[in-house]
Protein chains: 2
Amino acid sequence: MNDTIDLLKSHRSIRKFKDQALPDGLLAEILGAGQSAATSSFLQGATVIRVSKPESRAQLAAFAGNQPYVEKAAEFLVFCADVRRAGNCCVKYEKAFAGDYTEHFIIATVDAALMAQNTVVAAEAAGLGICYIGGLRNNPRQVSDLLQLPTGVYPVFGLCLGYPDQDPEVKPRLPLSVIVKEEVYDDSQDAAEIDAYDDRIREYYRMRTGGGHGVCWSEQVATLLSEKSRPHMRGFLAEQGFGMK
Amino acid sequence: MNDTIDLLKSHRSIRKFKDQALPDGLLAEILGAGQSAATSSFLQGATVIRVSKPESRAQLAAFAGNQPYVEKAAEFLVFCADVRRAGNCCVKYEKAFAGDYTEHFIIATVDAALMAQNTVVAAEAAGLGICYIGGLRNNPRQVSDLLQLPTGVYPVFGLCLGYPDQDPEVKPRLPLSVIVKEEVYDDSQDAAEIDAYDDRIREYYRMRTGGGHGVCWSEQVATLLSEKSRPHMRGFLAEQGFGMK
């Protein structure tokens, strides 16, 4: 249909990278493209920390649950939601800061996500591979201390970037009819489609691992939503100034 | 540098659309590309409601604070964060649902944002213009009732899509040096760059409005962060099953 759409549809996470740096200027080009994404209420509420020091990378890899590609990728970026920068403007205009509503948390988090996804598309268009690292939220306090994140800033996720040294298959997604609904939310017809999709995912894992753990999408997400998930996040966010009022 | 990167850098919101439908198949193509974005923990936690009925569009336009392009765009999509679909899988595997942690809220919200931004890139690659509609969060209860969103699903934002009937300038973003930091968060050198940027934004508004309201970025965001911002969101989200534990 279109080169860009083909590019988007060929996305898969890369977890093995060549030992090859980006050429001069490419990272700034990619991040500039990232920054061109829309921003809620013109907040520009994303801040990116580029981490290059090997000792910092090693610590982040450990904080994320021992993900070695955090150390080995050519570039590692931490995308943060940031209401501090705008909060400083309150001081400038002698207004009292009230940026601790749930809404502020949403707009800054969405801003970080939109900028990150544009960065990803730009990176992939330039021949790079990427992997999001949500695992930074395993230890957000340690990550924040290492990166000296002040009040009003939190690490949403990390992003590995580099030249791919593997060529994994695209992971199948749920059928579009399950994801996109007409006029109203109606999932009454989804069960059979999800069952068929589960079979595809079992097959995908079987192909990829040469044996397969037999787990399907439904079972994976059932586990995800039946366990406490990073229960420290609420307290951590409050400490960082995201009061969720 | 690259057609896709040029495309990303040329983004601007479109608020005036031609009265022209999308050709058959294009919306599915765009949404399929959107769905190819990464998804946290493989949750696939985004659901999109496509709203076509004129009376529903008129209501959504009003809920969003009287934004007429919500009615007039060829397509209007509501991107929702969804833990219900995965929650149903807990039932299937006889696990108790515990998907009401802040972390679940983050992963589903980020999933919706990543899918939306990929959808936007695909749409713009196909010659369409877009406008995000965060204003749906002005009246999230009314929006959710209209779209019959069940517990575990909330509307993050809307998205207008259509053929542009205007050609606005790209809105300048903060200097990359303000947004991207090396190794640690350090904004001690940003004030002068932000002042210079504020001058650019004043000029941008002056050019665009042929007179200009004289407001700059700093002043806009100072106002945003000094006022209560959608204080109903917290209670609304709790009602929708996002307990923020």
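Read-outs: derived from the displayed coordinates by stated rules, not from any lab. As the structure is a prediction and not an experimental result, all values here were calculated from the model. Cβ placement follows ideal geometry from the backbone for every residue including glycine, while neighbour counts extend to all protein chains displayed.
Annotations for the structure displayed:
- Each Lys and Arg contributes +1 and each Asp and Glu -1, all at the Cβ; summed about the Cα centre of chain B, the dipole is approximately 880 debye.
- For A:R200, net neighbour charge (Lys/Arg +1, Asp/Glu -1) across residues whose Cβ lies under 11 Å away: -1
- Against the main long axis of the alpha-carbon atoms of chain B, helix B:26-35 sits at an angle near 80°.
- Cα point-scatterer Debye curve for the range B:43-105, base-10 log of I(q)/I(0) at q = 0.15, 0.20, 0.25 Å⁻¹: -0.62, -0.78, -0.95
- Using every pair of separate Cα atoms, the Kirkwood estimate puts the hydrodynamic radius of the range B:117-245 at 18.3 angstrom.
- Calculated P(r) of the range B:1-133 - Cα pairs past 17 Å, %: 65 percent
- Degrees separating the helix A:54-63 axis from the principal Cα axis of chain A, which is the longest one: 70 degrees
- Inter-label distance for B:K228 and A:V170, nm, one decimal - labels placed 7 Å from Cα along Cα-to-Cβ: 4.8 nm
- Helix-only CD estimate at 222 nm, as mean residue ellipticity for chain A, using -39500 (n - 2.57) per DSSP H run (n ≥ 4): -13500 deg cm²/dmol
- C-alpha center-to-center spacing [the range A:13-46, the range B:27-71] in angstrom: 25 Å
- Normalised by 2.2 N^0.38 Å, where N is the number of residues, the alpha-carbon radius of gyration of the range B:159-216 equals 1.49.
- Normalised contact order of the range A:10-160, rounded percent, pairs of Cα under 8 Å and 6 or more residues apart: 35 percent
- Counting, for every residue in A:166-172, the Cβ atoms of other protein chains within 10 Å of its Cβ and taking the mean gives 1.
- Mean-square fluctuations from a GNM of chain B, with a 10 angstrom spring cutoff on Cα atoms, peak among B:R230, B:R137, B:R84 at B:R230.
- Listed peptides A:3-14, A:114-125, A:151-162 appear in the order A:114-125, A:151-162, A:3-14 once ranked by packing, highest mean of other Cβ atoms within 10 Å at the front.
- Within 10 Å of the Cβ of each residue in B:237-245, the mean number of Cβ atoms contributed by other protein chains is 2.
- Partner chain coverage, peptide A:45-57 - average Cβ within 10 angstrom: 3
- When only alpha carbons are used to place a centre, the range A:181-245 and the range A:105-146 end up 19 Å from one another.
- Farthest toward the positive end of the dipole of chain A, out of A:P140, A:S36, A:I5, is the Cα of A:P140, where the dipole comes from beta carbon charges about the Cα centre.
- Between helix A:217-226 and chain A: long-axis angle, C-alpha atoms, 0 to 90°, nearest 10: 40 degrees
- Å³ per residue enclosed by the Cα convex hull of chain B: 175 Å³
- Among A:L174, A:A192, A:Y205 the positive-end extreme of the charge dipole of the range A:171-210 (Cβ point charges): A:Y205
- Cα-centre dipole for the range A:45-135 with unit charges at Cβ (Lys and Arg positive, Asp and Glu negative), debye to 20: 220 debye
- Cross-link table B:K95/B:K245; A:K171/B:K16; B:K16/B:K181, entries beyond 25 Å C-alpha to C-alpha: A:K171/B:K16; B:K16/B:K181
- Gyration tensor verdict on the protein assembly as shown (Cα atoms; rounded if a/c is under 1.5, prolate if a/b is larger than b/c, oblate otherwise): rounded
- For the range B:39-90, the relative contact order is 47 percent, taking Cα pairs closer than 8 Å that sit 6 or more residues apart in sequence and dividing their mean separation by the residue count.
- Neighbour-limited loop hits for chymotrypsin sites (Phe, Trp or Tyr not before Pro), the range A:47-156 (at most 16 other Cβ within 10 Å; DSSP other than H, G, I, E, B): A:Y93
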